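Heads up: the structure comes next, in structure tokens.
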Amino acid sequence: MADGEANPDSVQAVQYLDDLLNKTLHLHITDGRMFVGQLKCTDNERNIILAMTHEYRQPSQADVKLAAERHEKGGLSGNVKVGMRKRFLGLVVVPGQYIEKVESCWTTSITSQI
Amino acid sequence: MPEDDLADEASHLTIDGDNPNGDDIGFAAKRLAHEARKTLSSGGGSRGIRDVTQEFAAAAKLLQPGQLVKDEYFTLFEAVGALEIMDPKMDSGYVPPGDTLEPDFDVCKGLPAEQVLWIMDELLRLTAVWHDGYPLSQTIFTSLHVDRLLSPDNRPPYHLFYGDTALLVMTTEQRLVHIVLRAYCIALVKSCALVLHTIQSQNFYEEEDFVTHLFGRELLPSTGANDAVKLIDEAVKFLDGADVDKVMRTALLERLQFARTYISLLVSDSADWNTLAAMGRSAETHKLAQPILEAFSDKVQRQLATSTPPRPMIIISWDEALERWKAICADIVEADRLTCFDVCQSPHALHRAIWAFAYREPQPNTFARAYLQTILFASEQITEGMAFFDLMLTDMRDLVLAGDVLVDPHSFLVEIPSDPRHKCSRIVETFMDKAFDEYMNLYRMVCQNRCRIRRTFTQSVAIFDSLETEAMRTDAELDGITPGIVLAGEDGPGNVTLTPLTSWVKYYKLQTMAWTIQLGFETDIYLPHELSMMYWYLMVFARRERKLLEHIERFLAARQKTFVSSRDARQDDEAAASQEWLAVLHKQADFTALLSSALWQVSELLMTLCILQPAKRDYAQEQLLYDVRMKSYLGIAHDPIPTLEEYKSATQSDRSIEDTCNNINGTIADAKSCLAYMKKTTPEQGKYIGTGEQWKREIKQLETTCVAVAVQTSQLRRVADKHGKLLGAPRDQSLKGAVEVSIPPAGSRYHDWWVVPQIREKKT
């Protein structure tokens, strides 16, 4: 567990980060890729370790073309859906300097509606 | 809250922490529950994604440098295995600036025959490398054509062009790619699937022997091996009528034929791998191929699911690749020969055959060893008419109970419950059930890599020892029903019985103990100064084995006397064969005891004379070092091994160097006469049917080893004489500085199981 500091702001910061541990994060990095995994560890340089990570890439021109062709062939209407390219990596560490965006998944509890 | 219930349930997945492993399991369960709780907390309802970039950055900045916020169960030890993103050495998805994500090569474009030929040969080369154990990501998957066929975006029937943009009117060059090359690639990929299936159905060690990882790809699941063969046939038909140069056509047809034969061999049970080996003629036409390096790239790794850093493509020469292919075919053919019907009739002959296979040069690869295991273990029997049960029973019969009604197959068919044969058979069956796994391991484990053979046998020793307890109990029970022959004790007063099952288990226990030491020499796990002790223990184990064999032989002789001459000759034949074989085993045990005695004396002499010394270790304690080295044998309850003290008191450091050298020479002479005996043994007597060549070769290697020991001994004697130390007690002498000794590594010994120190006089 992380060591707390006497400084109340810092204690709150640690608490905030602690609450995010084991939650699923989406990290967008500078070269356009996205990493989705469970947060395991971070430090003051925002280096992030994710577990069970999948890497996502924007589809390429060729991917879009192929999806459009198949869409047409299949006689489907509406917009063409092109999936992002995805592959499994496992345990990764993303250096803070490359992170452009951090997103967390939120859910609302059913019982809060009761 | 349902999700909380789930988390609660997960936390109840604990196991009682009573057993020694309970701590690990309890810990893992706790960790699982903790992570589940955290991930699932307040689940259900709607979900979405929230941008927390600013908050996260702000929070992180408030941490101290070096301060970590981490999950309590996440260890930094695990963190070391994390791939660092954007580091080109670790991140397989990193695209250097100026580079493109995908290689810039159109797999659909037509290619001239020379280039298609090169690609086919390159795939052949890469398949050979894959057989050696390199992952697909560094071998076959680097082919861009294969990559396209296997792409997750591709659909059956797996064409090189996506969508259904079929190229209706194709040029010859396009056809060479889409018909010929495609068929070839599909056949090779399906062959990989078949090889993987064989390997994964048997025992092997991932990463050590072979890498089975598919990197998130599937190997054309909708296409079967037969479909692949059909595609090849269509390609052949196309080539026959195509507008292609005649020489090129022959060359391409050869490659297609190779792929077709290869996959056909993998599918059928009884096929001749020699036909594949004969296709090494392809080597000549390889010169005509024109390289097209762009058709292969390690950039494919950017899209493969991999938890490892990027790895280079593997390079071996074309000739080396052909050698590998020839070796694979030769190994398969030999595996078939070594497990032929005749060999399988005798458990010991089969055993020898498997050892002979393991010791082929070069060592058979993972697929060949899996193939051998498939022949032996895939069905319910070793060979036609020889079930595993029969094999084990024959083993017992050959070794300890030849001619005895106890292990006569007919005894097991008796159904009358009051018949002693029926009662005994059930008891014997129960015992065999218990011994079955470890007994079959004697065959299966020899099909693993060398280090693993030693390691698994080390564990077998303990299992055989506990089986011995079971055997003793069973023998007593059997003796109560059908009392066995009683003879006067061999040493000391009182009578003894054969205790057949105990003797049988003991034999394999002692044999396994000896093998672990021999394999230890081969895999270089002993330091030079440990040779003396290990040879002494090998001598002890071999002597015990010899004594056990004498015990068995005595009772066999006594049993033979009880045979009624009017009964069928089968009993007599069985007993006679067993007698001859036991004599051979006796000589072998004798030889091992003698040679290890000689080498013990040599090594000990070198130590006493301070020529061979352990490194100075101030904190090392003799007993602790001994305990660590002999760990696997210390737990033996029946006939425990001699202690460190007993080993030390066996020392010969009182004897003069001259006397020791004379003794060594005498021992070697005796050892040589054992070899002379074994040389005259027929395959039936020695139960080495099918491995005659290996038998002769090994005897020759052992003869050379004996000579080498004598030579080194005389070397030592000469130097000692020169320094006038021949007659005094070695304990008071030292030849340090006058002699240097080197230990030949495995691979450069006359016989890898015997380390003969090389003694050289130091020129001052």
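Could you tell me whether any residue of segment B:48-68 is within 29 Å of B:D24 (Cβ to Cβ), at the interface with another protein chain (Cβ under 7 Å from one of its Cβ atoms), free of Cβ contacts under 8 Å to residues at least 24 places away in the same chain and surrounded by 17 or more Cβ atoms within 10 Å (Cβ to Cβ)? Please lay out each step first, then the result.
Keep residues of segment B:48-68 that are within 29 Å of B:D24 (Cβ to Cβ), which gives B:68.
When the remaining residues are screened for being at the interface with another protein chain (Cβ under 7 Å from one of its Cβ atoms), the result is B:68.
Adding the requirement that they be free of Cβ contacts under 8 Å to residues at least 24 places away in the same chain leaves B:68.
Add one more test, that the residue is surrounded by 17 or more Cβ atoms within 10 Å (Cβ to Cβ), and what stays is B:68.
Yes - at least one qualifying residue is present in segment B:48-68.
Restricting attention to segment B:716-738, does a residue exist that is among the β-branched types (V, I, T), touching a residue at least 60 places away in the same chain (Cβ under 8 Å) and open to solvent by less than 60 Å² (accessible area, probe 1.4 Å)? Among the residues of segment B:716-738, not one is among the β-branched types (V, I, T), touching a residue at least 60 places away in the same chain (Cβ under 8 Å) and open to solvent by less than 60 Å² (accessible area, probe 1.4 Å), which makes the answer no. Against the list (1) β-branched (V, I, T); (2) within 17 Å of A:C105 (Cα to Cα); (3) modelled with pLDDT of 75 or more, the condition B:T39 fails is (3). Checked against the criterion of being assigned by TED's automatic domain parsing to the domain that holds B:R255 and open to solvent by 60 Å² or more (accessible area, probe 1.4 Å), segment B:123-136 contains one or more residues that satisfy it.
Regarding B:G480, is this residue open to solvent by 50 Å² or more (accessible area, probe 1.4 Å), at pLDDT below 95, not assigned by TED's automatic domain parsing to the domain that holds B:E207 and not β-branched (V, I, T)? If you could, list the steps in order and put the result at the bottom.
Values: open to solvent by 50 Å² or more (accessible area, probe 1.4 Å): yes; at pLDDT below 95: yes; not assigned by TED's automatic domain parsing to the domain that holds B:E207: yes; not β-branched (V, I, T): yes.
Judged against the criteria, B:G480 is a match.
Among the criteria (1) open to solvent by 20 Å² or more (accessible area, probe 1.4 Å); (2) facing chain B (nearest Cβ under 7 Å); (3) of a type in the set (A, V, I, L, M, F, W, C); (4) closer than 21 Å to B:V300 by Cα, the one A:V93 does not fulfil is (4).
Residues that are within 20 Å of the chain's Cα centre (by Cα) and either within 20 Å of B:N154 (Cβ to Cβ) or in contact (Cβ under 8 Å) with a residue 24 or more places away in the chain (or both) do not occur anywhere in segment A:62-74. Evaluating B:V628 against the criteria (1) under 29 Å from the mean Cα position of the chain (by Cα); (2) in a loop (DSSP other than H, G, I, E, B) leaves one unmet condition, (2).
Looking for something touching a Cys at 6+ places or on another chain (Cβ under 7 Å) and within 9 Å of chain B (Cβ to nearest Cβ) - is there at least one such residue anywhere in segment A:36-56? Step through it out loud before you land on a result.
Going through segment A:36-56, the residues touching a Cys at 6+ places or on another chain (Cβ under 7 Å) turn out to be A:49.
If we keep only those that are within 9 Å of chain B (Cβ to nearest Cβ) too, we end up with A:49.
Yes, segment A:36-56 has at least one match.
Do we find a residue being in a helix (DSSP H, G or I) and among the β-branched types (V, I, T) anywhere in segment B:68-80? Checked segment B:68-80: no residue is in a helix (DSSP H, G or I) and among the β-branched types (V, I, T).
The values are calculated or read from the model by the stated rules, or taken from the named source; none is laboratory data. Note that the coordinates shown come from a computational prediction; the quantities given were computed from them, not determined experimentally. When we count neighbours, we look across all protein chains shown, and the Cβ atoms used for this are built from the backbone with ideal geometry, even at glycine. Just the protein is used for accessible areas: all its heavy atoms, side chains included, with ligands, DNA and RNA removed. Shrake-Rupley method; radii C 1.70, N 1.55, O 1.52, S 1.80 Å.
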